[in-house]
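The block underneath contains the structure these notes are about, expressed in structure tokens.
The values are calculated or read from the model by the stated rules, or taken from the named source; none is laboratory data. All figures in this text were calculated on a predicted structure; none of them were measured in a lab. Virtual Cβ from ideal backbone geometry, glycine too; neighbours counted across all protein chains shown.
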Amino acid sequence: MIGIINYKAGNSHSVMNACKKIGVGCKYVARPEDFDGVTAVILPGVGSAKATLGSLRELGVLPRLEELVLKEKIPFLGICVGLQILFEHSEEDDVDCLGWIGGTVVEFDNRRVRVPQIGWNRLTWKKSDPVLAGLGESEFFYFVNSYYAKPADEADILAAADYDGEFCAMIRHGNIYASQCHIEKSGMVGLTFLKNFCEGGAASCSRID
Amino acid sequence: MLANRLIACFDVINGMVTKASQFQNNIDIEDAVTAAKRVYEMQIDELIFYDVTASAEKRPIDLNLVEAVGKEVFVPYTVGGGIRNLTDMYNVLKSGAEKISVDSMAVRNPEIIAQGAKEFGSQCIVLSMQVKRVGRSEKIPSGYEIAIDGARVFTGMDALEWARRGAGLGAGEVVVNSIDNDGTHHGYDLEITSLIADHLRIPVVASGGAGAMEHLYDVFTKTQASAGIISSMLYSPRLERNFTVREIKEYLHGRGVAIRPFIYR
């Protein structure tokens, strides 16, 4: 059972629609006890890191989530701001984040490119991974972001794209996956990625780690 | 690199997609959910729905429709028309849309742009503007005036000035709808699209007039627009022939325009 964290600022509804479309069992999670029976977690994201962290703290789900992801190592997928809050710090509102992954989140330079980045950008894969099964050598995914992550360890980068230079588009750090792009809104390639995570990828990463 | 976007736009009245010419003479095409699913399967990059009569009839947007579309469409979609306040915005986003388009209401109450951007993020707030070529004057230095309420009411506001103000208030994207070119199938108004795109640092979307694939080539090569809205080209019976998203994408790709490729599989 996939648990989709449902908080005020998120677009959990869209992620739920996508999970239903690919036929995986899923439910909303909004309280610590809702995690019972959950084998993998998706944290959807829209909006700012500060608001998202505030929402998650208000729900009181973070201790249970950290126990499941960091100790029990169940597969986790963060999307958009759900990627950004995993790092140590974000420039947006100068906020300290969860620090699950080393590195910081910084803003695109609007003197050089239009900010927010809105649209489809081409991803190139930085390592092979079971969640990429059935995808081409590079694929377009949908982005809406003004900020992006700079992981301390480049080995954490699963995919990169180019917007005023190469930036980190997806993360794989043990059992933790995260995507700056909206995989739930990236058409059939996004649904393929999501299906891989929910089925094969998630299963294999709990075996490896 | 970031691809230019093709956005399908649907004007919806009572759940039916309609097609107008210069904001008049609407004809019904098909039900909105069917239309949305069809263009999603054609691999459109994005969709926009305008509940065109919600505002005039002073009723909220049809959330059941927004929700039904979300079950069929796995690319981003924007919803506009009948948005009055933050609660309406919240309901639309929670029903599955990614973005909210504000138009006449934002002219009457510009602060709604700032409030929406603060609450939901700039990326959710699309400022849609109806622009009419009126000739340059002291009051209208760009030569284009903003109209509201289905292009029926003129505001005396300069289009470039309003676009800048909207961006400053926190809009994440601006849609420039040409009243003169809407429904003519003669191409986008490149002059105002270019002017606004050159002066803003957020994405600008060209709208109104696309009737041939060359029009998209022109807007992506002669202006800094990030996206072009197509509607007639996809489904209007008023056009001699309609186009598939695939042929438009392959045409643009063949002429060197950055576009998300059509996927065969």
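Within segment B:101-121, take every residue that is touching a helix residue (DSSP H, G or I) at 6+ places or on another chain (Cβ under 9 Å) and either under 18 Å from residue B:77 (Cα atoms) or small (Gly, Ala, Ser) (or both) and give me the one that is surrounded by the most Cβ atoms within 10 Å (Cβ to Cβ). The extreme case among them is B:116. Residues in segment B:193-224 that are closer than 26 Å to residue B:18 by Cα and either at pLDDT below 95 or crowded, with 23+ Cβ neighbours inside 10 Å (or both): B:193, B:204, B:205, B:206, B:207, B:208, B:209, B:210, B:216, B:219. Please enumerate the residues belonging to segment B:116-161 that are in a helix (DSSP H, G or I) and within 14 Å of chain A (Cβ to nearest Cβ). Once the filter is applied, which keeps residues that are in a helix (DSSP H, G or I) and within 14 Å of chain A (Cβ to nearest Cβ), segment B:116-161 yields B:116, B:117, B:118, B:119, B:120, B:122, B:123, B:124. Taking segment A:66-84 as the range and being of a type outside the set (Lys, Arg) and surrounded by fewer than 24 Cβ atoms within 10 Å (Cβ to Cβ) as the test, the residues that pass are A:66, A:67, A:68, A:69, A:70, A:72, A:74.
Restricted to segment A:1-23, and to residues there that are at the interface with chain B (Cβ under 8 Å from one of its Cβ atoms), outside any loop (DSSP other than H, G, I, E, B) and among the polar types (S, T, N, Q), the residue that is surrounded by the fewest Cβ atoms within 10 Å (Cβ to Cβ) is A:17.
Among the residues of segment B:146-174, those identified as closer than 19 Å to residue B:114 by Cα, among the charged types (D, E, K, R) and in contact (Cβ under 8 Å) with a residue 24 or more places away in the chain are B:164, B:165, B:173.
Among helices (runs of 4 or more DSSP H) entirely within segment B:1-108, having at least 2 residues that are within 18 Å of the chain's Cα centre (by Cα) and within 14 Å of chain A (Cβ to nearest Cβ) singles out B:32-41, B:63-70, B:86-94.
Against the conditions (1) in contact with a strand residue (DSSP E or B) (Cβ under 8 Å, 6 or more places away or on another chain); (2) modelled with pLDDT of 95 or more; (3) at negative phi, residue A:98 satisfies every one except (1). Of the residues making up segment A:91-119, those that are touching a residue at least 40 places away in the same chain (Cβ under 8 Å) and closer than 17 Å to residue A:169 by Cβ number 9. Given A:17, A:6, which one is out of contact with any Gly (no Cβ under 6 Å at 6 or more places or on another chain), closer than 18 Å to residue A:183 by Cβ, touching a residue at least 24 places away in the same chain (Cβ under 8 Å) and not aliphatic (A, V, I, L, M)? Of the residues listed, the single one that is out of contact with any Gly (no Cβ under 6 Å at 6 or more places or on another chain), closer than 18 Å to residue A:183 by Cβ, touching a residue at least 24 places away in the same chain (Cβ under 8 Å) and not aliphatic (A, V, I, L, M) is A:6. Listed conditions (1) under 18 Å from residue A:114 (Cβ atoms); (2) among the aliphatic types (A, V, I, L, M); (3) out of contact with any His (no Cβ under 7 Å at 6 or more places or on another chain) are all met by residue B:259, apart from (3). Checked against the criteria, residue B:172 counts as touching a Ser or Thr at 6+ places or on another chain (Cβ under 7 Å), within 27 Å of residue A:47 (Cβ to Cβ) and either at pLDDT 95 or above or of a type outside the set (Asp, Glu) (or both). Of the set (1) touching a His at 6+ places or on another chain (Cβ under 9 Å); (2) free of Cβ contacts under 8 Å to residues at least 12 places away in the same chain, all apply to residue B:138 but (1). Scanning segment A:117-126 for residues that are in contact with a Phe, Trp or Tyr (Cβ under 7 Å, 6 or more places away or on another chain), surrounded by fewer than 20 Cβ atoms within 10 Å (Cβ to Cβ) and more than 28 Å from residue A:50 (Cβ to Cβ) turns up at least one hit.
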